[in-house]
Structures are given as structure tokens and as C-alpha cells.
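Visitor: If you scroll down you'll find the structure; I have some questions about it.
The values are calculated or read from the model by the stated rules, or taken from the named source; none is laboratory data. Quick caveat: nothing in here was measured; it's all calculated off a predicted structure. Methodologically, a virtual Cβ is constructed for each residue, glycine included, from the backbone with ideal geometry; neighbour enumeration extends over all protein chains shown.
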Amino acid sequence: MPQLALPRRYSWLAEITAPRHLVEAIRLYGVQEHAGRASNPAILAWAEELDIDDVFLADSTPWCGLFAALCVKRAGWEPVRNPLWALNWTRFGGDVDEPALGDLLVFRRPGGGHVGFYVGEDDLAFHVLGGNQSDSVCVIRILRDRLAACRRAPWRFAQPRAVRPIRLTATGAISANEA
């Protein structure tokens, strides 16, 4: 169950049979970092679960890669080395040309990168479920031209039927920087 209810325009995500890593991401929807010096203990626990709590010490550190690693690991896959560096996710799974539900999308941004999960697209942007987006786990729109890589999970068996391109209405602001 999500921490918060998904917005109405994305509520269908809770009703489909999504890939396991996306189900985990949806379950964590709404987790927020704490403002100021205190960190959200839940986010710090993710770093401990991934055994990187010696390098991830506060939720003021960009944590989109931490979130992706947690979801991927809980789905049974090995996260990339140094998962906190978003651009390292260009080495996860297999490269694909056309994004589909649950794919990992890696974006360029000033000062580094950003990683999140594809939940859909419109003519201008991808709709991305990820961590450290507005300091929380949420869905945002990111312009298509910022895409650095689209990576598909290394399925051991048949790819789930839900893994397909999803067309959505262009609603909501475009994210300019997820830091």
C-alpha cells in the first residue's frame, strides 16, 4: 500500500499487475525527506538495507539512486555499483529504444543525473516515479530531450504483459532539476 494515495491521474498504477520493482516503488509513494538537519529514518534504513549506510548519511544527499536500488533489490535484482550516482544506472539491465512501464530512465541534469521509473509519457515528457523528486517519492514529468538512457530489467523468465508504452495526458508541471 502506498504511504499516500496516488494522484487520481496515476491511480491506475495501484490496480494493474506491474513489474515487482514498480510495485515496490508504488508502495513507497509519498515518503518524504525531512527538512533541516534531521533525516527521515525510513530513508536512512534503505541505505542500511542496501549496505551503503557508510556513504549515505543523510537524506539531504541526493537519493534517487538509493530509491532505485532499493526497489530493484527488493524485486530480486542486483543494483548497479555505486547506485547513488544516478548516471551509473546506465549499466543496469538491457538497453531499449522505446520506454515501457517500469523501465529505468536515466536523465541528465545540471551537476549530474537523475534516475526513476517510467510510468508513462506524453508528447513532451516522460512521467517518472522516483525518489528525491520534490524531496519525496512521487511522479513528475521530465522532458524527453534530457533522457540519457532507458534500461529494462533483466527478466529471468517472460517479461510481464504490463511492460508496454503508456500514453498519458500532458498534465502537471515539467521538472527542471530534481536535485
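Visitor: Do you know which of the residues in segment 69-90 that are in a helix (DSSP H, G or I) and in contact (Cβ under 8 Å) with a residue 40 or more places away in the chain is farthest from Arg20 (Cα to Cα)?
Guide: Leu87
Visitor: Then there's this: If we keep just the residues of segment 58-72 that are surrounded by 24 or more Cβ atoms within 10 Å (Cβ to Cβ) and of a type outside the set (A, V, I, L, M, F, W, C), which is modelled with the lowest pLDDT?
Guide: Asp59
Visitor: Mind listing just one residue for me: the one in segment 157-175 that is of a type in the set (A, V, I, L, M) and within 14 Å of Leu13 (Cβ to Cβ) and, of those, modelled with the lowest pLDDT?
Guide: Across segment 157-175, the extreme among qualifying residues is Ala162.
Visitor: Still on this model: Of the residues Ala86, Ala69, which is more than 18 Å from Ala170 (Cα to Cα) and in contact with a Gly (Cβ under 7 Å, 6 or more places away or on another chain)?
Guide: Ala86
Visitor: Could you list, in sequence order, all residues of segment 26-46 that are within 23 Å of Leu57 (Cβ to Cβ), in a helix (DSSP H, G or I) and within 18 Å of the chain's Cα centre (by Cα)?
Guide: Passing the criteria: Ala42, Ile43, Leu44, Ala45, Trp46.
Visitor: Before we move on, is Phe107 among the aromatic types (Phe, Trp, Tyr) and under 17 Å from His21 (Cα atoms)?
Guide: When the stated conditions are applied, Phe107 does not pass them.
Visitor: Would you say Glu178 is of a type outside the set (Ser, Thr, Tyr), surrounded by fewer than 20 Cβ atoms within 10 Å (Cβ to Cβ) and either at pLDDT below 95 or in a loop (DSSP other than H, G, I, E, B) (or both)?
Guide: Considered against the rule, which asks whether it is of a type outside the set (Ser, Thr, Tyr), surrounded by fewer than 20 Cβ atoms within 10 Å (Cβ to Cβ) and either at pLDDT below 95 or in a loop (DSSP other than H, G, I, E, B) (or both), Glu178 comes out as no.
Visitor: If we keep just the residues of segment 34-44 that are modelled with pLDDT under 95 and not basic (Lys, Arg), which is surrounded by the fewest Cβ atoms within 10 Å (Cβ to Cβ)?
Guide: So, considering only residues that are modelled with pLDDT under 95 and not basic (Lys, Arg), the one surrounded by the fewest Cβ atoms within 10 Å (Cβ to Cβ) is Gly36.
Visitor: Which one of the conditions (1) of a type in the set (A, V, I, L, M, F, W, C); (2) surrounded by 12 or more Cβ atoms within 10 Å (Cβ to Cβ); (3) out of contact with any Gly (no Cβ under 6 Å at 6 or more places or on another chain) does Val137 fail to meet, given that it meets all the rest?
Guide: Only one criterion in (1) of a type in the set (A, V, I, L, M, F, W, C); (2) surrounded by 12 or more Cβ atoms within 10 Å (Cβ to Cβ); (3) out of contact with any Gly (no Cβ under 6 Å at 6 or more places or on another chain) is unmet by Val137, namely (3).
Visitor: If you check Arg74 against the conditions, is it of a type in the set (D, E, K, R) and in contact with an Asp or Glu (Cβ under 6 Å, 6 or more places away or on another chain)?
Guide: Answer is yes for this residue.
Visitor: Okay, next question. Go through segment 100-128 and give me each residue that's at negative phi, surrounded by fewer than 22 Cβ atoms within 10 Å (Cβ to Cβ) and not in a strand (DSSP E or B).
Guide: Hits for segment 100-128 are Ala100, Leu101, Pro110, Asp122, Asp123, Leu124.
Visitor: Mind checking whether some residue in segment 6-29 is in contact with a Gly (Cβ under 6 Å, 6 or more places away or on another chain) and surrounded by fewer than 16 Cβ atoms within 10 Å (Cβ to Cβ)?
Guide: no
For (1) of a type in the set (D, E, K, R); (2) touching a Leu at 6+ places or on another chain (Cβ under 8 Å), each residue gets a yes or a no:
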{"site": "Trp85", "(1), (2)": "no, no"}
{"site": "Trp89", "(1), (2)": "no, yes"}
{"site": "Asp103", "(1), (2)": "yes, no"}
{"site": "Val106", "(1), (2)": "no, yes"}
{"site": "Asp122", "(1), (2)": "yes, yes"}
{"site": "Gly131", "(1), (2)": "no, yes"}
{"site": "Val137", "(1), (2)": "no, yes"}
{"site": "Arg146", "(1), (2)": "yes, no"}
